[in-house]
1. Tally Lys and Arg at +1 and Asp and Glu at -1 over the other residues with C-beta under 14 Å from the C-beta of residue A:293: what net charge comes out?
2. Could you tell me how far the Cα centroid of the range A:202-266 sits from the Cα centroid of the range B:171-189, in Å?
3. Residue separation times 0.36 nm, minus the C-alpha to C-alpha distance between residue A:151 and residue A:403: what's the value?
4. Please identify the longest segment of chain B free of exposed trypsin sites (Lys or Arg not before Pro), where exposed means a DSSP state other than H, G, I, E or B and no more than 12 other Cβ atoms within 10 Å.
5. Listing B:52, A:42, A:62 from the residue with the fewest other Cβ atoms within 10 Å to the one with the most, what is the order?
6. Which whole-angstrom value gives the distance between the alpha carbon centres of the range A:375-405 and the range B:88-113?
7. Give me the net charge for the shell around residue A:393: Cβ to Cβ below 10 angstrom, other residues only, Lys and Arg +1, Asp and Glu -1.
8. Looking only at other chains, what is the average number of their beta-carbon atoms within 10 angstrom of each beta-carbon in B:96-109?
Amino acid sequence: MSELSGEQLYDGPDEHGHFGIYGGIFVGETLMPALEELNRVYTKLKQDPMFWKEFHNDLAHYVGRPSPLYHAKGMTKALGGAQIYLKREDLNHTGAHKVNNTIGQALLAKAMGKSRIIAETGAGQHGVATATVAARLGLECHVFMGSEDTKRQAANVYRMKLLGATVVEVNSGSKTLKDAMNEALRDWATNVDTTYYIIGTVAGPHPYPMLVRDFQCVIGQEARQQSLEQCGRLPDSLVACVGGGSNAIGLFYPFLKDEAVRMIGVEAGGLGLNTGKHAAPLNTGAPGVLHGNRTYLMNDEDGQILETHSISAGLDYPGVGPEHAWLKDIKRAEYTTVTDEEALSAFRFLTRQEGIIPALESSHAIAYAIKAAPDLPEDHLMLINLSGRGDKDIHTVAQIDGIDA
Amino acid sequence: MSRIEKCFKQLKRQNKKAFIPYLTAGDPNIETSLNLMHALVQAGADIIELGYPFSDPSSDGPVIQRAVERSLAKHTSLKGVLALVKRFREENQDTPLVLMGYLNPIECMGYQKFAEDAEAAGVDGVLVVDMPPEEAHDLLQIIHRSELDCIFLVAPTTHEARARKICELSSGYVYYVSLKGVTGASHLDIDSVRTNVNQLKSYCELPIAIGFGIKDAETAAKLGELADAIIVGSALVSLIAELKDGHEYSRDELSKHIALMAGMRAALDRS
Ligand SMILES: Cc1ncc(COP(=O)(O)O)c(C=O)c1O
């Protein structure tokens, strides 16, 4: 391991947005000044207690935070091992952790005087969370979404439209999240003077991975305090699903310096890693450059990005936030996978055991727990980020069951 | 002196502007690309920008996106594009070639191998769209040890301090992006290009090439007056899009098909 102290290891990124060799800013020149400006504005506001006061005020009264830390006794009993605690991000307004970030970035957009907001979305959760804050602030909003995803997340498309957003179907490339992100970057370069781009995860060029993390950190900050209050100590392990990695880093980051706390990120294993049909860059990929940063990517030997597969649209992405790439390399966090099928049975399991319908993304974290918890002692505290609720996935699951829901 | 530098010196002596067409290699296939490159030289191209495909061209508009998709459908690789350059050089040792594309294929090949192979194939310059000066250090170190030029972009959003740094780091020429947007856009404002390019000229010692949004001979002539070179991409790629993949085109047929290029060249010379 590196000779750096814990402070330096975990206090990334550096001023150029690097986490070790990862991160950075890889975009066309047109966007460089806009990113410089965003970094300048955010660096200043980050020091301003009034900014954070407004952020936390919105989180309390609009989002409904703090979200509970729930001791899932039914699940714990059924698994017969570790004590399972669920961080209930599914109870947030709009149904997932995504809104923590859009509330924060909307404040930035306002501070920068932008009149128009754009976003990319996969599952539609980030799109809905963006359309929501745009409606609240009276800003024009365009959401880019791959046409594969508009099909499997039709309810969220309609929600965005109800909220007044324009949903732009993206038909290029693999027609999923990565292509939506390409299209958002193109729009941003074209309308850079008026437009604020709300990236939905801890990816993209610097300063996005940093600022999205900072906004999502409220998850881990609350969870840490709740664990101390409710259990009298810190958890032994943290579990979160990893698409771009925002709910995972939001949970992990405030615990990074608690060296005894294990961290497990769960990527989408799709139909199995050996089939190639998955979305697990940290488990199978190699460092490369996509969407503004250097990170682990799924690409072929010529550097072309591979098509991904996951049952959950929100995890269906060939890259991952650069800070996760770094945490993997320095071995502070571990990254594993569960398959579509395991996620699906976890979806059913949690629904029946706890009366909580999880998002298919979050079901990946639950599936890991189902595999790992039985082998752990009863005094092991496992804290799982339940990043979102499953209402948006009812159709997908019903279809698999052959039911017309 | 690099081939690019020599080219600009010679044009300057003749009081001419450089005409730089862009095409995506492998669209609709490698054979046609090779013939198109020769046809472009016949049409009066001084330098050719040769795009190597990347699956996620986030700075490109729909015309070049589709060209890239056609090229990738043929499994065109960076390696394959270097082989194409080599074949072009068997016949043409004079026209400078600039590779243009995104960073990931180069990262995958490895910077050192890329620079060596590109130079050996007969490439003269490299323009990596998503590699701003801030992230160019490692590749530049390697490129500086080779004969290759490294070309960077200056955009309408670039402020002077950045632009000065970009001019210092560049060699060969500087690519001025004429509009805020992606390739193939059409909201060109010639007055603002004039203002920005004039300012750039006051401290940039390299030739300045203007690209993005040049679709006809008239615009080519107007922008040619402002700088040392013009770059034409989407207008050419739209013509290439009409070619059939299964068909073998003679150079004459291709020349006829891309007659717009010779027209732009002529307009540029009149300006
Ligand atoms: C509920 C939920 N969880 C997780 C994710 C994955 O994103 P991230 O890895 O950034 O948390 C998404 C993305 O859409 C989501 O909707």
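Computed from the coordinates by the stated procedures, all read-outs in this text should not be read as laboratory data. As the structure is a computational prediction, the values presented were derived from the model and not from experiment. All Cβ positions, glycine included, derive from the backbone under ideal geometry; neighbour counts span all protein chains shown.
1. Here the charged neighbours net out to -4.
2. After rounding, the separation between the Cα centres reads 42 Å.
3. Value of the extension gain: 89.0 nm.
4. With trypsin sites (Lys or Arg not before Pro) excluded where exposed in loops, chain B gives B:1-144 as its longest stretch.
5. Going from sparsest to densest Cβ surroundings: A:62, A:42, B:52.
6. 48
7. +1
8. Per residue, the number of nearby Cβ atoms from other chains is 4 on average.
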